[in-house]
Every structure is written in structure tokens, then in C-alpha cells.
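Engineer: The structure is given below, and queries will be raised subsequently.
Coordinate-derived values only; no laboratory data. Note that the coordinates shown come from a computational prediction; the quantities given were computed from them, not determined experimentally. Note that each Cβ is placed from the backbone with ideal geometry, even for glycine, and that neighbours are counted across all protein chains shown.
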Amino acid sequence: MAAAPFATAVEGHRVDRRQRVDDGTSAPAACCALSTLTAYFRARPIPPLDTSKQITDNSKSCPWAVPHSNRVALVISLSDTVVASVALIDAGEQLVDLGDIGDLVLVDRTRSVVSNLSRHFLKVRVGVAERLMFAARKLSAQSLRLLVKEGYRPLSLQRTYFDRRLLKLRMQYPSASDALLIELTSRYAAPPEVAAHPTGAAVDLTLATQEGVELDMGSVLNATDEESSGACYTACQFISRQAQANRRLLATAMFAPGFVNYPSEWWHWSYGDRYWAVISDEPCAIYGPVEEECL
Ligand SMILES: [Zn+2]
């Protein structure tokens, strides 16, 4: 059937769960020939970012922003089947390079701590870029800036990261079950089928001063559990008070426009992917994987 590439896309993403019949196969990358998708993306000019967009400020519900709150971050592994079972109705948004959206959000083009060689590595969905700008404006009141290290990541590279990590852990723990090894792998490398970076929904970022000097966040960005002695976990208590305070600042700014964090990586934030949908109790993911050839 010759359907329009985004025939299943919806205006907004709040759909009635009872009406949901999508099992994920309506994601553009899954339902369209690559050539069709490529033509679709290339034919559509990237719209200017809507800097006046009404974005709900969730900062009051940020666990770290509410003194003495009993709320704790919901910890669900990316390997949990609940994540893979989330429906996907792609909003069909373009990806935009964060280096082209002005000075509010800094980008690190040197690829320090990033091994992603794609020329699209600083791209994210338009809606993600707008929300980053929202967070950046909140931080600018404190003379701080967001510094993005990585956005889009090709699906093939994500698969390589996951497989490599899984193999390493399998050799390290030969008697461990497959389920446990996949769960352990997922703490640092997302399973390709639910990974947010290949969808343009995720960013790895840190805080910097107005001059671009990175703040102490308690561990090197992208350091694994072993490399950082556990300091990569967002809520890690075994880092300096200053680093904890810096993480709270980052979290408060990112929670505000609706981003969610993956608890084993303080630097990883996403909006619109399957994990986001689970944590935010949204009915479906709005961003699915985009092949690099489409960008
Ligand atoms: Zn990430």
C-alpha cells in the first residue's frame, strides 16, 4: 500500500491508550522504504525553532527541587520489557544540529569522551532542541550553560556499543544468566531496540560556566561503573558536595521542560523516546530510530 511516510503520525502525542493499536511497526523507519524516508526528510526544510513555545515547567515536581520530598526517582532498566512494549507513534519531527541554534546551548565539537564519528552527532529532534533551550534559559539566570557532547547516534553504532559491552561482561561473568548480563549491559549501553540516541531524543551533556569551562560533576562524562567507581550513577552520594549540588542544578533545569534521566548516567537525558514514555507515564513514544542516510 502506498502510504504517506508519516501516515501514522499524530498531532501532539497524547493519544487514548484504549485506541492504541500501534505495536511499534508504524515507526517511520520500520514502515517505510529507506529511499522513501530519505526523500521525506530531505524534502522537508528544518523549521525555525519556536523559542516562544509554551512548554510546561515541571521543576516543582523534580525530586531534588522539593525539600524533604518522599519522591524517589523511578528506576526501571532499559532492558525491562515494559520499555520495549511501549507503542511508538513518530511525530515526524526533523532533526536539527545544536551547533546551529545560537549561543544558548554550547556544543563540544572536539568529540572529547565521544567516539561517535557521525557528522550528525550533535543533532536532536526539533522538540528536544526547543526543550534544551528552555532548560538553558533557566540555567542562564545562574550564569551557567548546557554543554552538549553527543546527540544523534547511528543505530549501527548503538548496536556495536551494546554488543561489545555485552561480550565484555559475558567474559567477566561467564556463569551469569543472559538476562542478568543484558540488564548489566543496559546500565551503560542501551539495547538498540529502545535506545534513545538513534531517535534524536537523547543528549549527553554537562554544565559549564558562561565561558564554557566545565563544572565538576563528580565523574567524567561517559565513564562506566567500573571506571568511575559508581560515580556515574546520578544519585551517587560518594562524590563531593559541590558535584552533588551541580548535578541537582542540572537535574532541576532538565526536569523542568520534561526530560528524564537514566539513573546510571548523570549526563544522559531524553525526551520523547520509549524510556521517557515509561517514566513520564505517557501513552507512547513520539520519536523512533532514524537511519543516518535520512539526515
Ligand atoms: Zn546518552
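Engineer: Taking only C-alpha pairs under 8 Å that are 6+ residues apart, what is the relative contact order of the range 183-295 in percent? List each step's numbers first, then the result.
Structural biologist: On the way: 150 pairs, mean separation 34.9, N = 113.
Value for the range 183-295: 31 percent.
Engineer: Excluding same-chain residues fewer than 8 positions from Lys53, which lysines have a Cα within less than 29 Å of its Cα?
Structural biologist: Lys123, Lys138, Lys149
Engineer: How much of the pair distance distribution for the range 120-215 lies past 23 Å, counting alpha-carbon pairs only, in percent? Spell out each step's value before the answer.
Structural biologist: Numbers: 1889 of 4560 pairs.
Tail of the P(r) past 23 Å holds 41 percent of the pairs.
Engineer: For Lys168, go through the aspartates and glutamates and keep the ones whose alpha-carbon is under 16 Å away, minus same-chain ones fewer than eight residues off.
Structural biologist: Asp178, Glu183, Asp225, Glu226, Glu227
Engineer: Another question, if that's okay. Apply the Karplus parameterisation 6.51 cos²θ - 1.76 cosθ + 1.60, with θ equal to phi minus 60°, to every residue of the range 182-197 and state each ³J(HN,Hα) to the nearest whole Hz, in sequence, with x for glycine and proline.
Structural biologist: Working through the residues one at a time gives 5, 5, 5, 4, 5, 5, 10, 10, 5, x, x, 5, 10, 5, 8, 4 Hz.
Engineer: What would the Debye equation give as log₁₀ I(q)/I(0) for the range 87-246 at q = 0.19 Å⁻¹, counting only Cα atoms as equal point scatterers?
Structural biologist: -1.31
Engineer: Could you work out how far the C-alpha centroid of the range 228-270 sits from that of the range 115-162, in angstrom?
Structural biologist: Answer, in whole Å: 16.
Engineer: Based only on other Cβ atoms within 10 Å, what is the fewest-to-most ordering of Thr56, Thr252, Thr185? Please list the in-between numbers first.
Structural biologist: Working: Thr56 9, Thr252 19, Thr185 24.
By the 10 Å Cβ count, ascending, the order reads Thr56, Thr252, Thr185.
Engineer: Moving to a separate point now. Averaging sequence separations of C-alpha pairs under 8 Å and six or more residues apart, then dividing by the length of the range 83-187, give the relative contact order as a whole percent. Don't skip to the answer; put the middle values down first.
Structural biologist: On the way: 94 pairs, mean separation 28.1, N = 105.
Here the relative contact order equals 27 percent.
Engineer: Related question: Give the average over all directions of the projected area of the C-alpha convex hull of the range 205-248, one decimal, in nm². Could you put the intermediate results ahead of the total?
Structural biologist: Numbers: hull surface 12.1 nm².
That works out to 3.0 nm², a quarter of the Cα hull's surface.
Engineer: At 10 °C and 1.306 mPa s, what whole-number value in µm²/s does Stokes-Einstein give for the translational diffusion of the range 170-295, with Rh from the Kirkwood sum over Cα pairs?
Structural biologist: On the way: Rh = 15.9 Å.
Value of D from the Cα-based Kirkwood radius: 100 µm²/s.
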